[in-house]
Each structure stands twice: as structure tokens, then as C-alpha cells.
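Novice: The structure is given below, and queries will be raised subsequently.
The values are calculated or read from the model by the stated rules, or taken from the named source; none is laboratory data. These numbers were taken from a predicted model, which means no experiment stands behind them. Methodologically, a virtual Cβ is constructed for each residue, glycine included, from the backbone with ideal geometry; neighbour enumeration extends over all protein chains shown. We work out accessible area using only protein heavy atoms, side chains counted, and drop any ligands, DNA or RNA first. Shrake-Rupley method; radii C 1.70, N 1.55, O 1.52, S 1.80 Å.
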Amino acid sequence: SLTVSGPANLVINNAGTYDVLLTNSSGQGIPGTAVTLSSASGNTLTPSALTTTGSGHATFTLTATVGGTDTVTATSLGLPQQKTVTVSTQSFNITAPATGTKVNLGASQNVTVTWLNAGVPVVNAPVTFAATRGTLVPATPVNTDANGNATVSISPTGAGPSIVSASGARVTAQ
């Protein structure tokens, strides 16, 4: 049998790693066997042809370049196996500051989320921010601007790390 496992959902311009497993009727991996791959939507598969390892596994990456529902097909020994992958055109990322930025007590740091849909800014949409430590100003939610950006300022209330997260309608970032 042939199975394909990996993420069922990706965000456009991001990648997911997938595993192919080819086994015999006893459930043992079949080594050294060619596997071909295809994407019905034309998303990028790297590599596009595989050879199973000694345990019958092979790994590939799907880079989401086309939004919507994609069907990835792996074929080996005449056995096709399909995996449905939904590619969201939403891009929702904390763009500032860089991960690991240190903020001194008594200081503040702006935190910005950029929200795009198919490369176009999502305008006037509410974004809710939260932090595991520190004070966020202004109170959230904050609406995105003409560039799809929403910004709050965080001020530490004590020493130690803080994880800042943001969410909008069906999107999150951390």
C-alpha cells in the first residue's frame, strides 16, 4: 500500500513536509522504489520524483504558490495515493520586532502584524493581540491600516520572556 501524510493546510508562500510510505502486504517497507509526485494546482513539489529508503519512506516538500484546494498525487508500483491540501491565500505575520527582541524594563516596543490576502492588504480588519507578560497599548482589537498593518506597543511589567500572539478572522500569528 502507499500512504501520504503531512499538513492538510498551508498558507500561501509557505512550505510543508510530507512523508510517503510504501509497504507490502505484510506491512513492511519496500525499499529502493521510485515514487512520482504531481500537484493538480501546480504547487511546487521538491523533489518531484523520489526513491524510498530502506524502510519504505520518502520525504518531499510542498511549497504553496497557488491558493485553493490542491490534490497531491504520489504514484508507485502502479498505486496512486492522493492527499488533499488546502492553501490559504491569507498571510498573517508578526513583522516587527524580530523574534527574540529584548525590551528593557521601563521601555516599550512596537509589535506589528501585517495581514495580506492574495498579496493585497486586508484593510480595516480587527486584530486582537495578547501577551503572556507585559502591558499592550492600545487595548485590542486594533484595526489594520491601508497597508494591512496593525500595531500595538508592549511594555514589560517584570523581567522574563513574553510571548506575543495576534489573531484576526480565521488567522493567527505568534
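Novice: Counting only residues that are surrounded by 13 or more Cβ atoms within 10 Å (Cβ to Cβ) and not aliphatic (A, V, I, L, M), which one in the stretch 103-117 is farthest from the chain's Cα centre (by Cα)? Spell out the reasoning first.
Specialist: So the first thing to find is which residues in the stretch 103-117 are surrounded by 13 or more Cβ atoms within 10 Å (Cβ to Cβ), and the list is 103, 108-109, 111-117.
From the residues that got through so far, the ones that are not aliphatic (A, V, I, L, M) too are 108-109, 112, 114-115, 117.
Numbers: S108: 29, Q109: 26, T112: 19, T114: 15, W115: 14, N117: 14 Å.
Looking at residues that are surrounded by 13 or more Cβ atoms within 10 Å (Cβ to Cβ) and not aliphatic (A, V, I, L, M), I get S108.
Novice: Hey, among the residues in the stretch 54-102 that are crowded, with 18+ Cβ neighbours inside 10 Å and charged (D, E, K, R), which one's farthest from Y18 (Cα to Cα)?
Specialist: Only one residue tops the list, namely D70.
Novice: For the list (1) touching a residue at least 40 places away in the same chain (Cβ under 8 Å); (2) outside any strand (DSSP E or B); (3) of a type outside the set (A, V, I, L, M, F, W, C), I need the number of the one condition that K102 fails.
Specialist: All conditions are met except number (1).
Novice: Which pairs turn up if I take residues in the stretch 1-30 that are touching a residue at least 12 places away in the same chain (Cβ under 8 Å) and assigned to a loop (DSSP other than H, G, I, E, B) and look for partners that are among the charged types (D, E, K, R) and open to solvent by 30 Å² or more (accessible area, probe 1.4 Å) with beta carbon separation below 7 Å, at least 6 apart in sequence or on another chain?
Specialist: Sorted first by the residue in the stretch 1-30, then by its partner, the pairs are G6/D19; G6/K83.
Novice: Taking interchain pairs and intrachain pairs at least six residues apart, which have beta carbon atoms under 6 angstrom, with the first residue in the stretch 135-158 and open to solvent by 70 Å² or more (accessible area, probe 1.4 Å) and the second assigned to a loop (DSSP other than H, G, I, E, B)?
Specialist: Pairs that qualify, where the first residue is open to solvent by 70 Å² or more (accessible area, probe 1.4 Å) and the partner is assigned to a loop (DSSP other than H, G, I, E, B), are N143/N124; A146/V123; T157/G134.
Novice: From the list V111, V85, which residue is outside any loop (DSSP other than H, G, I, E, B), touching a residue at least 60 places away in the same chain (Cβ under 8 Å) and of a type in the set (V, I, T)? Working first, answer last.
Specialist: Working: V111 fails: touching a residue at least 60 places away in the same chain (Cβ under 8 Å).
Step by step, each of V111, V85 is checked, and only V85 is outside any loop (DSSP other than H, G, I, E, B), touching a residue at least 60 places away in the same chain (Cβ under 8 Å) and of a type in the set (V, I, T).
Novice: Of all residues in the stretch 31-41 being touching a strand residue (DSSP E or B) at 6+ places or on another chain (Cβ under 7 Å) and not in a strand (DSSP E or B), which is least open to solvent (accessible area, probe 1.4 Å)?
Specialist: To start, the set of residues in the stretch 31-41 that are touching a strand residue (DSSP E or B) at 6+ places or on another chain (Cβ under 7 Å) comprises 32-41.
Next, only the ones that are not in a strand (DSSP E or B) stay: 32-33, 40-41.
Numbers: G32: 60, T33: 20, A40: 86, S41: 41 Å².
Among those residues, the one meeting the criterion is T33.
Novice: Further, regarding this structure: Go through the stretch 118-131 and give me each residue that's open to solvent by less than 60 Å² (accessible area, probe 1.4 Å) and either among the basic types (K, R) or not in a loop (DSSP other than H, G, I, E, B) (or both).
Specialist: Listed by number, the residues that qualify are P121, V127, F129, A130, A131.
Novice: Something else about it: Find the strands (runs of 3 or more DSSP E) located wholly in the stretch 132-174 whose residues include 2 or more that are closer than 20 Å to P121 by Cα, out of contact with any helix residue (DSSP H, G or I) (no Cβ under 8 Å at 6 or more places or on another chain) and β-branched (V, I, T), and list them. Spell out the reasoning first.
Specialist: Numbers: elements: 135-137, 149-155, 164-168, 171-173.
Of the strands (runs of 3 or more DSSP E) lying wholly inside the stretch 132-174, those with at least 2 residues that are closer than 20 Å to P121 by Cα, out of contact with any helix residue (DSSP H, G or I) (no Cβ under 8 Å at 6 or more places or on another chain) and β-branched (V, I, T) span 149-155, 171-173.
Novice: Inside the stretch 13-30, can you point out the residues that are under 17 Å from T84 (Cβ atoms), at pLDDT 95 or above and open to solvent by less than 30 Å² (accessible area, probe 1.4 Å)?
Specialist: Y18, V20
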